[in-house]
Every structure is written in structure tokens, then in C-alpha cells.
1. Enumerate the amide H contacts of Gly70 below 5 Å, restricted to partners 5 or more residues apart or on another chain; note that Pro and chain-start residues carry no placed amide H.
2. Could you check the spin-label model distance between Arg43 and Thr71? Points 7 Å from the Cα along Cα→Cβ, value in nm.
3. Skipping prolines and chain starts, which residues have an amide H placed within reach, meaning under 5 Å, of the one on Arg90, given they are 5 or more residues away or on another chain?
Amino acid sequence: MPQVHGQVWPSTPVDCRGSKLPSLEQRKISCDLTAALDASAVRELHAQIEPLVSEATYLTLNAAAVERLGTQAVQLFVATARALEMNGGRLAIVNITPTFREAYADLGLLAELDARSSINAEKDTDG
């Protein structure tokens, strides 16, 4: 298991829970991200998120534990958001840490992150 600052974190980058509705309806799935989302975690993260993109899914990523976010993870989140939208779904990112926000800022993608923030996600799901 990876260690970050003396703490042991699970090797799985996300822990997803959700309800699968009939195929014509949208699913709502919530995933808790782990502390380290660097290059070594992106492959597994992609493998876990990719199946959720093929259907109209409302995917919420809880970023509360994120202490390290690499460029490849940001790229995955941007691509996931766009793919979900193409299929009638939506990506929301909640509990954004300063580290998470800084990674997006370093790449000039704050507007992209803000579009996925919990405030904007609530507007979309509440009507």
C-alpha cells in the first residue's frame, strides 16, 4: 500500500457506491478518492471509472482525502467529464482540497474545475 506522510492509504484510488437504475434512467454514483492520485494510481483509477462513462451516469467524486493530484489524474477527470456529458451524464467533484484546486490551477483549468464543483452540480441536479 502506498504511504503518504507516514499514513497508509488503500491501494485502490476510488471507492464507489451507487444505485443502478434501469438502463433508460440515469444512475447516481458517488466515489471517494484516495490521498495520492499520481501517475501510478491513474491506470487503476481509469479502469474503475471507465465502465461508468458508457451510460448516462451522474458521477460524484469526493476529493476530501486528496493530498497529491498529478497531471494524468486531472486529464482523466477532464476526459471523464466530457465523456459523461456526451452520454447524458454529469461529473461533480465535491470537497475539493487546496491541493486538488492547485493542480487544476497549475494547468490553467480552474474554470473546468469550477464547472464540476458541488455548487454547480447542485444547480444541475436540482433543476
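Taken together, the values in this text are just the output of simple stated rules run on the coordinates, not laboratory data. Remember, it's a predicted structure, so these values are computed and weren't measured experimentally. Using ideal geometry, Cβ is built from the backbone for each residue, glycine included, and neighbour counts are taken over all protein chains shown.
1. Leu37, Asp38
2. Label-label distance for Arg43 and Thr71, simple model: 2.0 nm.
3. Correct list: Thr57, Tyr58, Leu59.
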